[in-house]
Amino acid sequence: MKIQTIRCAAVAAITALAAVGAFAAGSHAGGHDANDAIGKPGVAAKATRTVKVDMTDSMRFTPASIDVKQNETVRFLITNSGKIKHELVLGTEKELKEHYQLMMKNPEMEHDDPNMVTLAPGKSGEVVWQFTKAGKIDFACLQPGHYDAGMKGAVNVAKSASKATAK
Ligand SMILES: [Cu+2]
């Protein structure tokens, strides 16, 4: 009788764990958890560098490849030189693709998070981001059709040797 009770408790614990796992996986579909994977919102006062990025109706970012150092806080000064709306969204490739599919289904979807800026024609805006993880981080314009047309780029984060100065 005693053994039976213990077994039931173990099964219940496993079931609970499975439920937690499913919930966690589900929350990733929301799209806002990827921030940890690509870094975190930066503090403008700590930005060590300003990188200008231009967006055009030819569906390109200039530059499309940006090199930064791990832990560096970068202030992206983004300009929309085109005649239609464009945006720059930082994320993992997986997250950008998922987000893009949502945009295709709902073109009027407005979004505003620290890792992105959406700009009307002729407008400028900024994204301040700290790249805490080394590796390649993608960015893209998720306006319907733009991502498919190749409006994307990458930030290459070089591993930092000096962690002591990373503040
Ligand atoms: Cu665009």
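Each value in this text was obtained by applying a stated rule to the coordinates, not by laboratory testing. This one's a predicted model, so the numbers in the text were calculated from it and none came from an experiment. Virtual Cβ from ideal backbone geometry, glycine too; neighbours counted across all protein chains shown.
Tabulated values for the structure
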item: In the stretch 60-99, residue surrounded by the fewest Cβ atoms within 10 Å (Cβ to Cβ) [restricted to those that are aliphatic (A, V, I, L, M), under 19 Å from the mean Cα position of the chain (by Cα) and within 15 Å of the ligand (Cβ to nearest atom)]; result: Ala64
item: Some residue of the stretch 100-117 being touching a residue at least 12 places away in the same chain (Cβ under 8 Å), touching a His at 6+ places or on another chain (Cβ under 7 Å) and within 12 Å of the ligand (Cβ to nearest atom); result: no
item: Flag for Met55 being surrounded by fewer than 20 Cβ atoms within 10 Å (Cβ to Cβ) and within 16 Å of the ligand (Cβ to nearest atom); result: no
item: Residues satisfying the stated conditions in the stretch 117-167, i.e. among the aliphatic types (A, V, I, L, M), in a strand (DSSP E or B) and either touching a Cys at 6+ places or on another chain (Cβ under 6 Å) or surrounded by fewer than 20 Cβ atoms within 10 Å (Cβ to Cβ) (or both); result: Leu119, Val128, Ala154, Ala158
item: The lone exception for Val68 - which of (1) within 13 Å of Gly153 (Cα to Cα); (2) in contact (Cβ under 8 Å) with a residue 60 or more places away in the chain it fails; result: (1)
item: Conditions (1) in contact with a helix residue (DSSP H, G or I) (Cβ under 8 Å, 6 or more places away or on another chain); (2) assigned to a strand (DSSP E or B); number of the one not met by Met109; result: (2)
